[in-house]
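Data block below; observations after.
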Amino acid sequence: MDIVIRPATTTAELLGAGHLYDVAPRPEWADRFLAAHGHLMLIAYVDGAPVGFVSGIEMLHPDKGTEMCLYELSVGEPFRRRGIGRALTHALAAEARRRGCYDMWVGVERDNEAALAAYRSAGAADEGGFAMLTWDFGSPAGTLQPGS
């Protein structure tokens, strides 16, 4: 199985990977994503079809410089456990280094064993406990709220 990983540069590419997202992507959001400085998505293809993606966002702070947040990793069910998630994570890390980021990080729920395994196999170090606090401003139109 030959895997090709390349950055998404068009709305059509982002929409073409729509089956890998949590909900259907919207063209206007895809356009904004591509136009936003520091946002990137790498898509993995097998036989020309998208089978996985990783998205990243550069985060800049005045006293720290720039780091890469691995925002989301997704691999289609039939292609899991074949190293695609690891390859996508390595590709994002390489791009982060190329952009001058001093590190890369990701937040993962402790019970998400598949994600933890993928990130560890790609060389990530576990820095201990993590708490995620959110402010809910309402879901974007057309998406589902938990329990709805």
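Quick look at the numbers
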| quantity | calculated |
| --- | --- |
| Which numbered condition V23 misses (of (1) outside any strand (DSSP E or B); (2) at pLDDT 95 or above) | (2) |
| Cross-chain or 6+ apart pairs with Cβ under 7 Å, segment 103-114 first and without any contact (Cβ under 8 Å) to a residue 40 or more places away in the chain, then open to solvent by 60 Å² or more (accessible area, probe 1.4 Å) | G107/F130; G107/M132 |
| Condition broken by M132, with the remaining ones in (1) over 25 Å from I3 (Cα atoms); (2) loosely packed, with under 11 Cβ neighbours inside 10 Å; (3) more than 18 Å from the chain's Cα centre (by Cα) satisfied | (3) |
| Pick from segment 87-116, criterion touching a Gly at 6+ places or on another chain (Cβ under 9 Å) and more than 13 Å from G56 (Cα to Cα), ranking: surrounded by the most Cβ atoms within 10 Å (Cβ to Cβ) | A87 |
| Positions within segment 39-79 being in contact (Cβ under 8 Å) with a residue 24 or more places away in the chain, within 15 Å of the chain's Cα centre (by Cα) and either assigned to a loop (DSSP other than H, G, I, E, B) or surrounded by fewer than 15 Cβ atoms within 10 Å (Cβ to Cβ) (or both), in sequence order | G76 |
| One residue from E28, E113, E58, E13 being at pLDDT 95 or above, within 23 Å of F130 (Cα to Cα) and acidic (D, E) | E58 |
| Conditions (1) surrounded by 17 or more Cβ atoms within 10 Å (Cβ to Cβ); (2) in a strand (DSSP E or B): number failed by R6 | (1) |
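The values are calculated or read from the model by the stated rules, or taken from the named source; none is laboratory data. As the structure is a prediction and not an experimental result, all values here were calculated from the model. Note that we place each Cβ from the backbone using ideal geometry, even for glycine, and neighbour counts take in every protein chain shown. Heads up: the accessible areas ignore ligands, DNA and RNA and are worked out on the full protein's heavy atoms, side chains in. Shrake-Rupley method; radii C 1.70, N 1.55, O 1.52, S 1.80 Å.
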